[in-house]
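Notes for the one structure printed next.
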Ligand SMILES: C[S@@+](CC[C@H](N)C(=O)[O-])C[C@H]1O[C@@H](n2cnc3c(N)ncnc32)[C@H](O)[C@@H]1O
């Protein structure tokens, strides 16, 4: 299946060429920028996610693998799935972290294989949120959990950020927790815990244990 921009789910065109996104231009600056601004929120993510050593996680839109590295330090294996080969070229660190080039909306990964999923600072970059959440639910086992972290659209500062980011990086759209709730429930998630900061949210959802795992889209 072809995605917008002539991109296949593995981040390449039909001719096998990598399709570049904004992060393929910016990837060398990404970690220094995030560290300088203190935007990485690995401590809160790990506190809410409570990773166990035997578990398997997927970090969707996981970029350079910063969050994955911190999760893996607690023992689990983590797959960093990202559409940008440039971002993935920075993935390294403890064994158990692996990089996969792919689209979060159609991962090409077997159903029900992960205990947990992370979407950190990535949701606003991936259009068709309902489709994305359905795909994340599909790759989680029943009872598996999803942690999402992003800026909250209802803040006017975040709407200003959206305008700037759409001009300087790529077209983005931030979501609000209120609009995500129905989409998450429709995808088969039950609400766990939400922590809000002034501009952002961290929210954990659990895939309904009774819902049958669907086959790959
Ligand atoms: C702002 S970065 C976030 C990286 C990392 N999650 C973090 O916490 O810093 C957004 C990432 O989403 C990736 N991305 C954008 N669209 C995507 C898609 N359709 N599927 C997978 N990754 C995507 C980008 O390539 C980029 O690495």
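The values are calculated or read from the model by the stated rules, or taken from the named source; none is laboratory data. Quantities reported herein were computed from a predicted structural model and do not represent experimental measurements. Positions of Cβ are generated from backbone atoms using ideal geometry, with glycine treated the same way; all protein chains shown enter the neighbour counts.
Quick look at the numbers
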item: Residues of the range 38-48 that turn out to be within 11 Å of the ligand (Cβ to nearest atom) and either closer than 20 Å to residue 143 by Cβ or free of Cβ contacts under 8 Å to residues at least 40 places away in the same chain (or both), as a count; result: 3
item: Residue in the range 71-81 that is within 14 Å of the ligand (Cβ to nearest atom), under 24 Å from residue 129 (Cβ atoms) and in a loop (DSSP other than H, G, I, E, B) present; result: no
item: Answer from 4, 51 - the residue that is closer than 21 Å to residue 114 by Cα and either more than 9 Å from the ligand (Cβ to nearest atom) or at pLDDT below 95 (or both); result: 51
item: Qualifying residue in the range 84-102 (condition: at pLDDT 95 or above, within 12 Å of the chain's Cα centre (by Cα), surrounded by 18 or more Cβ atoms within 10 Å (Cβ to Cβ) and within 11 Å of the ligand (Cβ to nearest atom)); result: no
item: Hey, residue 135 in contact with a helix residue (DSSP H, G or I) (Cβ under 7 Å, 6 or more places away or on another chain), in contact (Cβ under 8 Å) with a residue 40 or more places away in the chain and either surrounded by 14 or more Cβ atoms within 10 Å (Cβ to Cβ) or not in a helix (DSSP H, G or I) (or both) or not; result: no
item: Which listed residue, of 116, 112, 108, is surrounded by fewer than 20 Cβ atoms within 10 Å (Cβ to Cβ), more than 11 Å from the ligand (Cβ to nearest atom), closer than 27 Å to residue 143 by Cα and at pLDDT 95 or above; result: 112
